[in-house]
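Engineer: Sharing a structure, written as structure tokens. Questions coming.
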Amino acid sequence: MNERRMLEVDHVRKEFGTVRAVSDVTFRIDDGETFGLLGPNGAGKTTTMRMILGILTPDGGAVRWNGAHVTPEDRRRFGYLPEERGIYGKMKVRDQIVYFGKLHGMKEPEVGKRAAWWIERLSLGVYADRPCSELSKGNQQKVQVACAAVHGPQLLILDEPFSGLDPVNADLLIAIFNELKASGTTLILSSHQMWQLEELCTRFTIIAAGENRAAGTLAQLRSAWPTRVVRVAPADEALRAPFAAVSGARALAGIDGVLDYEVPASTDFATLLRSLVNVAPVTRFEAIEPSLHEIYLHAIGEPKA
């Protein structure tokens, strides 16, 4: 039977002089899960990641891997893609990936084979023997991904992995992350590209001002959202009357050809639809779930755009 691993971040706290970067952050990530750690700039995400990796020591709380404090041996099984560039500009792409593999204890010929595999998978073959400084920002980012993952980490932490990537290469990384997930790698992703995380992650924790604000699966986060947008077509003025009978309903600007109303999530949508079709023909009726982006803004206290 395969060992089941789990990461626990238990009420961690970190201060830098008089600045409290992390006040109270808690979450748990199960083996093989893809986890989204979200928050605005300055929320404490990077500090939390660095505490997981042992780069920083918590001033309070604990980080545990498989029920015990993280050891140096555990850390060698982790991978980390920092938000800032962490590659050597004068070093060639292939040499760079091999070098990072060796830092994690890999030996030849295996590290060379793994480096070659990542170069091929990330479409970096034409750059393999060129210095990294000659690459575009997007290709440098792909080299960083290879450096973080070449040793086959059990836990891979990715801070803004889509930075500098065009849509084609962003899709390539999404495919690779899904492959890593399928192989059993536990992933932590932090990104402001919400739609990409919506597709990738099984659970989320949203932090702001160094503390938890919301947590759960996307379905759980949506179930806690207080309203839904109901979209009805055609934009027949007669269809406004049934909404007037819904307590808390509010007309929205909407788009051409439809009526949009914000209603409480507890609304009986079947009854509302019957009321609408009794007034006028309805060709479209949709209760729109909130996006991860909307949930995020609500959790951190930012108004809707």
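Engineer: If residue 99 satisfies every condition in (1) hydroxyl-bearing (Ser, Thr, Tyr); (2) more than 27 Å from the chain's Cα centre (by Cα); (3) outside any helix (DSSP H, G or I) but one, which is the exception?
Structural biologist: (3)
Here is a yes/no grid of residues against (1) farther than 30 Å from residue 295 by Cβ; (2) more than 23 Å from the chain's Cα centre (by Cα):
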| site | (1), (2) |
| --- | --- |
| 114 | yes, yes |
| 119 | yes, yes |
| 147 | yes, no |
| 156 | no, no |
| 164 | no, no |
| 176 | no, no |
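Engineer: Scanning for something part of a helix (DSSP H, G or I), among the basic types (Lys, Arg) and out of contact with any strand residue (DSSP E or B) (no Cβ under 9 Å at 6 or more places or on another chain), does segment 26-45 turn up at least one residue?
Structural biologist: Checking segment 26-45: not a single residue is part of a helix (DSSP H, G or I), among the basic types (Lys, Arg) and out of contact with any strand residue (DSSP E or B) (no Cβ under 9 Å at 6 or more places or on another chain).
Engineer: Answer yes or no as to whether residue 238 is closer than 30 Å to residue 205 by Cβ and either open to solvent by less than 70 Å² (accessible area, probe 1.4 Å) or within 29 Å of the chain's Cα centre (by Cα) (or both). Write out each step before concluding.
Structural biologist: Working: closer than 30 Å to residue 205 by Cβ: no; either open to solvent by less than 70 Å² (accessible area, probe 1.4 Å) or within 29 Å of the chain's Cα centre (by Cα) (or both): yes.
So residue 238 does not fit the description; no.
Engineer: Please identify the pairs in which a residue from segment 137-159 that is closer than 16 Å to residue 169 by Cα and part of a helix (DSSP H, G or I) has its Cβ atom under 9 Å from the Cβ atom of a residue that is basic (Lys, Arg) and at pLDDT below 95, counting only partners at least 6 apart or on another chain.
Structural biologist: 137/85; 140/85; 141/85; 144/85
Engineer: Exactly one of (1) under 25 Å from the mean Cα position of the chain (by Cα); (2) assigned to a loop (DSSP other than H, G, I, E, B); (3) in contact (Cβ under 8 Å) with a residue 40 or more places away in the chain; (4) more than 27 Å from residue 293 (Cβ to Cβ) is unmet by residue 10. Its number?
Structural biologist: That leaves (2) as the condition not met.
Quick grid of which residues meet (1) closer than 29 Å to residue 191 by Cα; (2) touching a Lys or Arg at 6+ places or on another chain (Cβ under 7 Å):
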site	(1), (2)
216	yes, yes
225	yes, no
258	no, yes
265	yes, yes
284	no, yes
287	yes, yes
291	yes, no
301	yes, no
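Engineer: So which residues in segment 13-41 are without any contact (Cβ under 8 Å) to a residue 12 or more places away in the chain and of a type outside the set (A, V, I, L, M)?
Structural biologist: Taking segment 13-41 as the starting set, the residues that turn out to be without any contact (Cβ under 8 Å) to a residue 12 or more places away in the chain are 16-19, 41.
Selection gives 16, 17, 18, 41.
Engineer: Report whether or not residue 115 is touching a strand residue (DSSP E or B) at 6+ places or on another chain (Cβ under 9 Å), open to solvent by less than 80 Å² (accessible area, probe 1.4 Å) and either of a type outside the set (Lys, Arg) or closer than 26 Å to residue 50 by Cα (or both).
Structural biologist: The answer is no for residue 115.
Engineer: Tell me the strands (runs of 3 or more DSSP E) entirely within segment 161-242 that contain at least 1 residues that are free of Cβ contacts under 8 Å to residues at least 60 places away in the same chain and hydrophobic (A, V, I, L, M, F, W, C).
Structural biologist: Qualifying strands (runs of 3 or more DSSP E): 227-233.
Engineer: Going through segment 72-96 one residue at a time, which ones are modelled with pLDDT of 95 or more, over 28 Å from residue 5 (Cβ atoms) and either open to solvent by less than 50 Å² (accessible area, probe 1.4 Å) or part of a helix (DSSP H, G or I) (or both)?
Structural biologist: Those that are modelled with pLDDT of 95 or more, over 28 Å from residue 5 (Cβ atoms) and either open to solvent by less than 50 Å² (accessible area, probe 1.4 Å) or part of a helix (DSSP H, G or I) (or both): 93, 94, 95, 96.
Engineer: Take the residues of segment 252-305 that are of a type in the set (Asp, Glu) and more than 29 Å from the chain's Cα centre (by Cα): which is nearest to residue 45 (Cα to Cα)?
Structural biologist: 260
Engineer: Working only within segment 102-112, note down all residues that are assigned to a helix (DSSP H, G or I) and either under 30 Å from the mean Cα position of the chain (by Cα) or of a type in the set (Asp, Glu) (or both).
Structural biologist: 102, 103, 110, 111 - these are the residues of segment 102-112 that are assigned to a helix (DSSP H, G or I) and either under 30 Å from the mean Cα position of the chain (by Cα) or of a type in the set (Asp, Glu) (or both).
Engineer: Residue 247: polar (S, T, N, Q), open to solvent by 60 Å² or more (accessible area, probe 1.4 Å) and more than 30 Å from the chain's Cα centre (by Cα), yes or no?
Structural biologist: yes
Engineer: Sticking with this structure for a sec: Where residues in segment 253-282 are of a type outside the set (A, V, I, L, M, F, W, C) and within 11 Å of residue 239 (Cβ to Cβ), which of them is least open to solvent (accessible area, probe 1.4 Å)?
Structural biologist: So, considering only residues that are of a type outside the set (A, V, I, L, M, F, W, C) and within 11 Å of residue 239 (Cβ to Cβ), the one least open to solvent (accessible area, probe 1.4 Å) is 261.
Engineer: Next question. Would you pick out the residues in segment 52-71 that are aliphatic (A, V, I, L, M), assigned to a strand (DSSP E or B) and surrounded by 15 or more Cβ atoms within 10 Å (Cβ to Cβ)?
Structural biologist: 63
The values are calculated or read from the model by the stated rules, or taken from the named source; none is laboratory data. Note that the coordinates shown come from a computational prediction; the quantities given were computed from them, not determined experimentally. For neighbour counting, all protein chains shown are included, and Cβ atoms are generated from backbone atoms with ideal geometry for every residue, glycine included. Ligands, DNA and RNA are stripped out before the accessible areas are found, and what is left, the full protein with its side chains, is counted by its heavy atoms. Shrake-Rupley method; radii C 1.70, N 1.55, O 1.52, S 1.80 Å.
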